[in-house]
1. Please verify whether A:Val265 is open to solvent by 20 Å² or more (accessible area, probe 1.4 Å) and over 18 Å from A:Gly66 (Cα atoms), treating the condition exactly as stated.
2. Sort out which residues of region A:64-92 are part of a loop (DSSP other than H, G, I, E, B) and hydrophobic (A, V, I, L, M, F, W, C), and write them in order of number.
3. Looking at region B:30-43 only, could you name the residues that are open to solvent by less than 10 Å² (accessible area, probe 1.4 Å) and on the phi < 0 side of the Ramachandran plot?
4. B:Phe172 - would you say it is open to solvent by less than 10 Å² (accessible area, probe 1.4 Å), within 14 Å of chain A (Cβ to nearest Cβ), within 16 Å of ligand 2 (Cβ to nearest atom) and not hydroxyl-bearing (Ser, Thr, Tyr)?
5. Show the residue pairs that are 6+ apart or on different chains and have beta-carbon atoms under 8 Å apart, the first residue being within region A:177-201 and at positive phi and at the interface with another protein chain (Cβ under 8 Å from one of its Cβ atoms), the second being buried (at least 24 other Cβ atoms within 10 Å of the Cβ) and small (Gly, Ala, Ser).
6. Among the residues of region B:81-113, how many are crowded, with 24+ Cβ neighbours inside 10 Å and either polar (S, T, N, Q) or more than 8 Å from every other protein chain (Cβ to nearest Cβ) (or both)?
7. Which condition does B:Leu157 not pass, out of (1) open to solvent by less than 60 Å² (accessible area, probe 1.4 Å); (2) free of Cβ contacts under 8 Å to residues at least 60 places away in the same chain; (3) in a helix (DSSP H, G or I); (4) over 21 Å from B:Met37 (Cα atoms), if it passes all the others?
8. Report, by residue number, each residue of region A:48-63 that is open to solvent by less than 60 Å² (accessible area, probe 1.4 Å) and part of a helix (DSSP H, G or I).
Amino acid sequence: MKDIHIKFRIGKSIFFQAFAILLSVSCVIPLVAILLYILDAGFKTIRTNGFQFLTNLPKPVGEAGGGIANALLGSIIIITVASVVAIPFGILCGIYLSENRKSRWAYWSRLCVDILQGVPSIVIGIVAYFWLVKPFGGFSAFSGSMALAIMMLPIVIRSTEETLKLLPDSLREAAYALGMPFHRVILKVIVPCGISGILSGVMLSVARIAGETAPLLFTAFGNPYVSMRLDKPMQSMPLLIFNYATSPYNDWHDLAWGASLVLLVWVLLLNILTKIIARRWKVQF
Amino acid sequence: MESAILRSVNYNAYFGDNHVCKDVNISIPKNEVVAVMGPSGCGKTTFLRGINRMHELIPNATAKGQIFLNDEDVMEMHPIFVRLKIGMVFQRPNPFPNLSIYDNVIAGYKLNGIKLPKAERDRIVEHSLTRVALWKEVKDSLNKKGSFLSGGQQQRLCIARAVAMEPEVLLFDEPTSALDPISTSTVEELFHELKKNYTLIIVTHNMQQAARVSDRTAFFYMGELVEFDDTKQMFTNPRDVRTQNYITGRFS
Ligand SMILES: Nc1ncnc2c1ncn2[C@@H]1O[C@H](COP(=O)(O)OP(=O)(O)OP(=O)(O)O)[C@@H](O)[C@H]1O
Ligand SMILES: [Mg+2]
């Protein structure tokens, strides 16, 4: 082969590499821009309002010193209730799917879970509205939690299933050969060995629903006051951001940015926690 | 063979329609080492897993016939009791990766929720590890995870785990095929030691190993038990032509 040909090939390869780098950089730019903008706007809110905006209640327009305490508390309550419902169900269902890979019932459940994962959150909100809000005669935090729990389920189920499926069969056999009954094989061997993957899925599902707005619009509805009652409307972070950002007042815009920053940090912390758990509790074979 | 500890009567095993073990009749005397040999796919593993009712864990797998452990039919007992009396060691070492060496040895008690006083647990761990010639090597690292050991050590740990339950019979499915020669000979020496207290059934592809460690040898071919005899007799003067062909290497 002539020198010129080889040079031409090298040039082509360099061109391709440069092109790939350019493209990957250009798709990172919007992400970084969004992050920087939220950080900037959020910190401005903290600078003008101080950290009290986390613990203060909303104030009427024009009055200084408003805060997002009701939304923060509401989000924590709604998500906790959703987790309490969705996590045990999700893990059990994931265990079932991984232990009965070939059964017909598992096939259909798996299909349902996959479809559920693709259902738009607004649709889940409507379902919760017709099943829980209307029959019980009013918006409630509980119905919001249920809508979010339904959104968490597929994530927890599939991550549990995928984690447990990867565990070698030799592990189950070792346990059965010692005369262990099924429930102990699951609880004492299979789940402990897959715990890092299961917990990662749980964390990611919590991070995923933390910012969901659509299912809460017509379930938890929102509340300008601090409320701890699950049967009454409750404020939440995404709803507060939605309401304040669409209002015509600058003070409220600032609070919306502050709340956005809090939500962002929340999701970031959960993701970091997930990575730590995955590494720390990983079972080495 | 009046003191047979394990006796199968017309044992048949299937995977769906695939008839894998065909009318196996065998009678295994107490405190002996029995080698099970035969070409790949002839049903050795299936038969071995039939003995402690592991076969039925596979979907679609069924079995017929009887297997007597001390005149009690294993097929009629609850599988959990069977597996407590008949221990099993697998081809690949499979210690529980989430447990320490100590907990691996007493896994049969711990994971089954059987509470024992600390002194008793210590005794079982030391005794079992000594039996498998691992105590000296690991006694200072009992709290380390079992998966940090070498392959040969892991396999001995798995044997200790089975021994700790004080079973009557120990089943080994190609226990040394994943081990290097030195670990293999350590495990082989163990068999001599273990047969004082247990009856061992060992599936192996290695004829030298069968000759070295076993008292009797069973030869399987296409799911049938073709020949079962004294190991020396079997290797020097096999009665069945299929056995003869196998040990002279005429088919694999
Ligand atoms: N899990 C399974 N599902 C379906 N069929 C199986 C399964 N395991 C084994 N078989 C079938 O049973 C037959 C006997 O298999 P088995 O594992 O008992 O052979 P083996 O004598 O142990 O062979 P090897 O020496 O290769 O380990 C094989 O023909 C195989 O097709
Ligand atoms: Mg086999």
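The values are calculated or read from the model by the stated rules, or taken from the named source; none is laboratory data. Remember, predicted model here, so these are calculated numbers, not experimental data. For neighbour counting, all protein chains shown are included, and Cβ atoms are generated from backbone atoms with ideal geometry for every residue, glycine included. Note: areas computed on protein heavy atoms with side chains; ligands, DNA, RNA excluded. Shrake-Rupley method; radii C 1.70, N 1.55, O 1.52, S 1.80 Å.
1. Details: open to solvent by 20 Å² or more (accessible area, probe 1.4 Å): yes; over 18 Å from A:Gly66 (Cα atoms): yes.
Considered against the rule, which asks whether it is open to solvent by 20 Å² or more (accessible area, probe 1.4 Å) and over 18 Å from A:Gly66 (Cα atoms), A:Val265 comes out as yes.
2. Taking region A:64-92 first, the residues part of a loop (DSSP other than H, G, I, E, B) are A:64-68.
Within region A:64-92, A:Ala64, A:Ile68 qualify.
3. Here is the first cut: in region B:30-43, the residues open to solvent by less than 10 Å² (accessible area, probe 1.4 Å) are B:33-38, B:42-43.
B:Val33, B:Val34, B:Ala35, B:Val36, B:Met37, B:Cys42 - these are the residues of region B:30-43 that are open to solvent by less than 10 Å² (accessible area, probe 1.4 Å) and on the phi < 0 side of the Ramachandran plot.
4. On the way: open to solvent by less than 10 Å² (accessible area, probe 1.4 Å): yes; within 14 Å of chain A (Cβ to nearest Cβ): yes; within 16 Å of ligand 2 (Cβ to nearest atom): yes; not hydroxyl-bearing (Ser, Thr, Tyr): yes.
It is true that B:Phe172 is open to solvent by less than 10 Å² (accessible area, probe 1.4 Å), within 14 Å of chain A (Cβ to nearest Cβ), within 16 Å of ligand 2 (Cβ to nearest atom) and not hydroxyl-bearing (Ser, Thr, Tyr).
5. That search, which allows pairs on different chains as well, returns A:Gly179/B:Gly108.
6. Residues in region B:81-113 being crowded, with 24+ Cβ neighbours inside 10 Å and either polar (S, T, N, Q) or more than 8 Å from every other protein chain (Cβ to nearest Cβ) (or both): 7 in total.
7. Here B:Leu157 meets the rest and fails (2).
8. Pass one, region A:48-63, residues open to solvent by less than 60 Å² (accessible area, probe 1.4 Å): A:49-50, A:53-54, A:56, A:58.
A:Asn49, A:Phe53, A:Leu54 - these are the residues of region A:48-63 that are open to solvent by less than 60 Å² (accessible area, probe 1.4 Å) and part of a helix (DSSP H, G or I).
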